[in-house]
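All remarks here apply to the structure that follows.
The values are calculated or read from the model by the stated rules, or taken from the named source; none is laboratory data. Not measured: the values here are computed from a predicted model. Heads up, the Cβs are rebuilt from the backbone with ideal geometry, glycines too, and the neighbour counts pull from every protein chain shown.
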Amino acid sequence: MSKTNGKTDTQVDREFKALADFLSPFNEKEVQDAVERNLAFFKQNDERNYQAAIAYYNKYKLWGLYAPQYGIRELAENRAQALNGHMEDFEWLYQRLGDYRSRVILTNILYYWLMSKYPRIAQIQDHTFPQYFDLDLVRCDKNEVFVDIGAYTGDTVLSYIRTFGEDCYKRIYCYEILPADIDLIKKNVEQNKLKNVEIRNKGAADKPGTLYLNRPSDSVSSIAQLVETGDIEVPTVAIDDDIKEPVTFIKMDIEGAEEQALLGCRRQIADHHPKLALSVYHNHKDLWKLAKMIEGYDPSYRFYLRYYGNALLPTEYLLYAV
């Protein structure tokens, strides 16, 4: 922790250090007990918002289910494992974040995992710039090669065009696994008369292969994951192999598969230092782990966090690496 005259510099530093110091004496089970007590307190004092938060967690199943009345406590177990087992990793990330806005975001997310107090989340909401395109962090020009991994319906590509302009890229690559979404990307590209946009019905991974969709192929959804077995084959590729030209900007939002996709981009990252805007909210480890991977590929990157989610629970937070 940064110090001046033996004291931490700011209120943000002191709050982060206070959390680390509070957690340090406890084992994982004790931290889990604290998480569960705070969830129970949340329910007792704000039943409506508690039920809304738990319904969200149980619907998307990304962070662990929670139904203590049936003995299901995955959410609390996963939070405790992250807070108890990886606080040093979060301290590592805190020190490498490039501004205090990022440090507040990290601090408040970790406090929420422990305390379940959503005013911490309302504090970090920021919709000044479009998601993935914080103009204080990323700028694009006519030579941009933008790779949209998890392109959904093409909405991020349209946001890119609105933010930077129609003439502000050389080429755009869209990777998406749902056939219905591929159709919508094509429609959006055609209706907006966009040129040099390559649409690829492939999943981004660490190596070439085949995985399967775990949902119907005609369903349009923001949640679609690849699994080892299923009905619908999806080819997977490493971006390093699939794109031959230097990439300048990579965006990822692929429901927790970012780690494997990042492995498949390591040569592009090491050789060309593309800007990165990565979703890190789909589990409890990507916050620190993806940053460590990136630093291993190219230690010159600077890291930032931005929060684009709702005010009730932490979702839609991004790691920018520039």
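Things worth noting here:
- Every residue from region 109-157 that is touching a strand residue (DSSP E or B) at 6+ places or on another chain (Cβ under 6 Å), part of a helix (DSSP H, G or I) and of a type in the set (S, T, Y): T156
- Helices (runs of 4 or more DSSP H) completely within region 202-306 that count 2 or more residues being within 21 Å of V145 (Cα to Cα) and assigned by TED's automatic domain parsing to the domain that holds E176: 239-242, 258-263, 266-272
- Scanning region 66-101 for residues that are hydroxyl-bearing (S, T, Y) and closer than 22 Å to E36 by Cα yields Y66, Y70.
Residue-wise test of (1) without any contact (Cβ under 8 Å) to a residue 12 or more places away in the chain; (2) β-branched (V, I, T); (3) farther than 30 Å from S102 by Cα; (4) in the same structural domain as I269 (by TED's automatic domain parsing).
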site: T156; (1), (2), (3), (4): no, yes, no, yes
site: I161; (1), (2), (3), (4): no, yes, no, yes
site: E176; (1), (2), (3), (4): no, no, no, yes
site: A180; (1), (2), (3), (4): no, no, yes, yes
site: Q191; (1), (2), (3), (4): yes, no, yes, yes
site: E198; (1), (2), (3), (4): no, no, yes, yes
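- Index of the failed condition, Y112 passing every other in (1) closer than 30 Å to Y50 by Cα; (2) crowded, with 22+ Cβ neighbours inside 10 Å; (3) hydroxyl-bearing (S, T, Y): (2)
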